[in-house]
1. Which residues, counting only those in the range 49-71, are open to solvent by 90 Å² or more (accessible area, probe 1.4 Å), of a type in the set (Asp, Glu) and either over 16 Å from residue 10 (Cα atoms) or outside any helix (DSSP H, G or I) (or both)?
2. Of all residues in the range 31-48, which are within 17 Å of the chain's Cα centre (by Cα) and part of a helix (DSSP H, G or I)?
3. Going through the range 1-17 one residue at a time, which ones are more than 21 Å from residue 64 (Cβ to Cβ) and surrounded by 12 or more Cβ atoms within 10 Å (Cβ to Cβ)?
4. May I ask you to list the residues in the range 72-86 that are of a type in the set (A, V, I, L, M) and part of a helix (DSSP H, G or I)?
5. Restricting to the range 18-30, and then to whatever is open to solvent by 40 Å² or more (accessible area, probe 1.4 Å) and under 22 Å from residue 59 (Cβ atoms), can you tell me which residue is nearest to the chain's Cα centre (by Cα)?
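The values are calculated or read from the model by the stated rules, or taken from the named source; none is laboratory data. Predicted, not measured: the structure shown is a model, and the values here were computed from it. Using ideal geometry, Cβ is built from the backbone for each residue, glycine included, and neighbour counts are taken over all protein chains shown. Just so you know, the surface numbers come from the protein's heavy atoms only, side chains and all, with ligands and any DNA or RNA stripped out. Shrake-Rupley method; radii C 1.70, N 1.55, O 1.52, S 1.80 Å.
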Amino acid sequence: MPKPKPPYPPEFRARIVELARAGRTTRSLAEEFQVTDTTVRNWVRQGEVDEGTRQDGLTTDEKQELARLRREVTVLREESAGGHTA
């Protein structure tokens, strides 16, 4: 199984989103920066959600909090199933 790519730096993503908002097509940005067209569209969409101009998704902060809470629930379930007592 191939190793997953590390996440793109936030500055890189922000620059591509800025260029898309300035009128560049997602396809041209994808080709120039060697990412997929879908990736660029997703970054633009997430930026709009984070800024509040779209309401059809979770903000980046909300996604991070949800991931943290899910990890916490997993740990608590494992501790509970293991018979650990406090």
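1. 65
2. 37, 38, 39, 40, 41, 42, 43, 44, 45, 46, 47, 48
3. Once the filter is applied, which keeps residues that are more than 21 Å from residue 64 (Cβ to Cβ) and surrounded by 12 or more Cβ atoms within 10 Å (Cβ to Cβ), the range 1-17 yields only 15.
4. Of everything in the range 72-86, those that are of a type in the set (A, V, I, L, M) and part of a helix (DSSP H, G or I) turn out to be 73, 75, 76, 81.
5. 18
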